[in-house]
Amino acid sequence: MKKGVELALTEGPDALARRLFVRLALGGVGLCYAGAIGYPVYRYLASPVERAAATAAVTEEVLKDAHKLSAGSVLMFKFGVKPAMLIHHADDSWVALGAVCTHLGCTVQYEPAHNRIHCACHGGVYDPKTGANVSGPPPKPLKRYGVKLTNEGVIVSRT
């Protein structure tokens, strides 16, 4: 007989069961490892398609009771899947802007004390009335939405 077959015959059933267990355990660990690597890659590749579909589907948002917002304040909301802001200025004008910085995609904040929209990531500054980029690294203005006041709230829509 061959040496490997002799060894298998002399080891007994316990050794064979241990070998089978080790093989199955290592195979399970390998599958878990492959899943841990593969799932984030799949989510990274699939998410732009999902976001584009979700964003394209939304054409307007109805913000109930937003018309009661006091002058000089802001309401943050989601337009589709992206953050946006509705600003009620002290001169009673209304503007809705995307709240995503055009530089690297950070969320911007309205600062009424300084009369600006500020991105804390890299110091970008936007005009709160128009969304135009005033200073810092942002290459483009913020996305602007249409605003319509009603008795029930404010309707924000794509322009």
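Things worth noting here:
- The residues in segment 75-85 that are at pLDDT 90 or above and within 12 Å of ARG144 (Cβ to Cβ) can be counted, and the count is 2.
- Listed by position, the strands (runs of 3 or more DSSP E) contained in segment 87-159 that have at least 3 residues being exposed (fewer than 14 other Cβ atoms within 10 Å of the Cβ) are 144-149.
The values are calculated or read from the model by the stated rules, or taken from the named source; none is laboratory data. Keep in mind it's a predicted model, so treat the numbers as computed, not measured. Here Cβ is always computed from backbone atoms with ideal geometry, including for glycine, and neighbour counts include all displayed protein chains.
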